[in-house]
Amino acid sequence: GCVMTGQRSAWLLIAPLLVLMLVGFVLPIGTTAFKAFSNPELAAALPRTTLALRDWDGAAPPGEDVFAALVEDLRNPRDTRVFGAMIRRLNFEQSGMRSQMSRARTAAEDMQPPFAAGMIATDPAWGDPAIWQMLRTHSNAYTATYVLRAMDLRLAPDGAVVPVARDQAIFRDLFVRTFVISIWVTVLCVLLGYPTAYFLSTLSGRAESFALLCVLVPFWISILVRSTAWFIILQREGPINAALMFAGLIDTPQAIIFTRTAVYIAMVHVLLPFLILPLLSVMKRIRPEYVRAAASLGARPWQQFALVYLPMTMPGVAAGALMVLMLSVGFYITPVLVGGLQDQMVSYYIAHFTNTSINLGMAAALSLMLLVL
């Protein structure tokens with residue numbers, strides 16, 4: 001009885017943490033995954049057409065019954081927003097479908113049988129079986145279209161998975177660029193943060209408090225403010241170019257802003273404390289007797305560092321580097337402000353599909369792929 005009571009008490013104690021994990025992690029991730037595969041637009045806007053296409057053989061243009069179902073759906077849309085969502089969805093798959101569906105909707109108002117001849121006379125594209133194959137392929141409630149597009153693949157009208165056109169294949173390069181930038185930012189943070197953390201670990205008293213305060217100050221300033229400051233500093237007329245010209249190192253202002261270099265500088269500045277602090281906590285716990293023991297055994301200074309001190313600090317390096325890398329891959333504000341178009345990361349396109357093109361399925365697919373990677 002006492003054991004059961006203790007177990008029950010333990011579960012009650014961790015219940016808030018479990019609820020927090022469910023609400024703050026599992027539920028958002030699950031919702032994102034669901035949205036990445038959800039495809040309700042076509043079936044919601046064209047329910048009769050969706051049902052009629054199930055019996056179509058796909059070899060030739062469909063029969064009169066399918067055209068009649070399409071005309072009926074276009075005449076009686078359930079909701080203007082539903083129709084708008086459907087044409088956005090089709091236009092994402094094939095450019096020009098927005099205008100084609102809009103013309104068909106206008107023509108359907110006064111169209112009389114035979115509907116097949118009337119629709120094809122209005123727009124000859126309706127006589128192409130590929131259009132109807134695409135409608136049938138994307139009429140399923142769930143599809144991998146968005147996830148495939150995030151890998152520069154697509155579903156052909158007949159349902160086969162094929163590469164997208166070369167001028168539309170941007171996402172693989174985008175993910176590579178995101179991780180290249182993130183890895184280089186992590187490497188630079190390690191190279192700059194390791195000696196800084198070591199220097200801090202050797203201080204004590206007021207000097208340690210002041211130095212640690214200098215590391216912590218960036219946490220008190222918004223990332224937006226810091227990124228904007230770098231935008232001003234790195235301008236052609238900014239203080240960096242002015243100082244280089246004053247020192248005689250350059251004759252004309254250099255283009256630093258809107259380059260990959262500017263992205264590295266600003267991101268390293270923002271993320272460096274995330275490497276220094278965990279590394280410093282590890283270095284503070286290393287007893288100096290270990291290094292002195294190596295010296296007493298004849299180890300040279302570089303051997304003392306490479307064989308004794310460095311391996312003992314690697315847990316801090318790993319923890320800090322992992323934190324910097326994970327934060328880097330999701331960066332948005334800094335690359336947008338100081339980087340050029342070729343320096344934007346996955347988060348830029350997630351924001352674009354969320355706020356500009358209103359394609360939440362594609363935004364969710366990119367988010368899901370970024371999480372998996």
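The values are calculated or read from the model by the stated rules, or taken from the named source; none is laboratory data. What you are looking at is a predicted structure, and each value in this text was computed from that prediction instead of being measured. A quick note on method: Cβ atoms are made from the backbone with ideal geometry, for glycine too, and the neighbour counts reach across all protein chains shown. Protein only, heavy atoms only, side chains kept; ligands, DNA and RNA dropped before computing areas. Shrake-Rupley method; radii C 1.70, N 1.55, O 1.52, S 1.80 Å.
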Connecting C-alpha atoms closer than 10 Å in a GNM of the chain, tell me which of GLY193, GLY320, GLY298 has the biggest fluctuation. GLY298
Let me know the Rg and Dmax you get for the stretch 219-373 when you use only its Cα atoms, in Å. 21.2, 67
Would you work out what percent of the accessible area of the chain, with all protein chains in place, is carbon or sulfur (probe 1.4 Å)? 67
At 7 Å along the Cα-to-beta-carbon direction for both ASP158 and ALA43, put a label point, then send me their distance in nm to one decimal. 2.5
0 to 90° range, to nearest 10: angle between helix 310-329 axis and the chain longest Cα axis: 30
Accessible area per residue, Å², the chain with all protein chains present, probe 1.4 Å: 55
By per-residue mean of other Cβ atoms within 10 Å, what is the highest-first order of 182-192, 157-167, 65-75? 65-75, 182-192, 157-167
Ignoring everything except DSSP H segments at least 4 long, calculate the 222 nm mean residue ellipticity for the chain; use -39,500 (n - 2.57) per segment, divide by total residues, nearest 500. -20500 deg cm²/dmol
Order of 213-222, 52-61 by packing, highest average Cβ count within 10 Å first? 52-61, 213-222
Reviewing [x] 29, 62, 8; [y] 30, 57, 11, 2, 0; [z] 21, 37, 28, 12, 2, the figure for P(r) over Cα pairs in 20 Å bins from 0, in percent actually calculated from this model sits under [z]
Which value, in debye to the nearest 20, describes the size of the charge dipole of the stretch 224-321 about its Cα centre when Lys and Arg Cβ atoms bear +1, Asp and Glu Cβ atoms bear -1, and nothing else is charged? 400
Once label points are set 7 Å from the Cα along Cα→Cβ at both LEU192 and ILE232, what is their separation, rounded to one decimal in nm? 1.9
Interchain or sequence-distant (5+) residues whose placed amide H lies within less than 5 Å of the amide H of LEU153 are VAL164
Figure the gain on full extension for LEU373 and ALA10 (residue separation times 0.36 nm, minus the Cα-Cα span) and round it to one decimal in nm. 127.2 nm
Pairwise label distance in nanometres, ALA247 with ASP65, each label 7 Å out on the Cα-Cβ vector: 8.0
Enumerate the calculated ³J(HN,Hα) couplings along the stretch 283-296 in order (Karplus 6.51 cos²θ - 1.76 cosθ + 1.60, θ = phi - 60°), each rounded to whole Hz, writing x wherever the residue is Gly or Pro. 4, 5, 8, 7, 6, x, 4, 5, 5, 5, 5, 5, 5, 5
For the chain, the charge dipole (Cβ of Lys, Arg +1; Cβ of Asp, Glu -1; about the Cα centre) points to a positive end, and the Cα of VAL180, TRP132, PRO239 closest to that extreme belongs to PRO239
For the stretch 20-156, what is the charge dipole size about the Cα centre, in debye to the nearest 20, if Lys and Arg each add +1 at the Cβ and Asp and Glu each add -1 at the Cβ? 560
Find which of GLN342, LEU371, PRO195 sits farthest along the positive direction of the dipole of the chain, computed with +1 on the beta-carbon of Lys and Arg, -1 on that of Asp and Glu, about the Cα centre. PRO195
Report the FRET efficiency, 1/(1 + (r/R0)^6), for ASN140 and VAL19, where r is their Cβ-Cβ distance and R0 is 30 Å, rounded to 0.05. 0.30
Whole number please: convex hull volume per residue, Cα atoms of the stretch 174-268, in Å³. 137
Residue order for TYR290, TYR348 - accessible surface, 1.4 angstrom probe, largest first: TYR290, TYR348
To the nearest 20 debye, what is the magnitude of the charge dipole of the chain about its Cα centre, counting +1 on the Cβ of each Lys and Arg and -1 on the Cβ of each Asp and Glu? 1540
Which length gain, in nm to one decimal place, applies between ARG54 and VAL225 when the Cα-Cα distance is subtracted from 0.36 nm times their residue separation? 56.0 nm
Taking the highest mean first, how do the peptides 197-207, 122-132 order by number of other beta carbon atoms within 10 angstrom per residue? 122-132, 197-207
Ranking ALA33, LEU46, VAL23 by how far each Cα lies towards the positive end of the charge dipole of the stretch 16-77 (+1 on Lys and Arg Cβ, -1 on Asp and Glu Cβ), the top one is VAL23
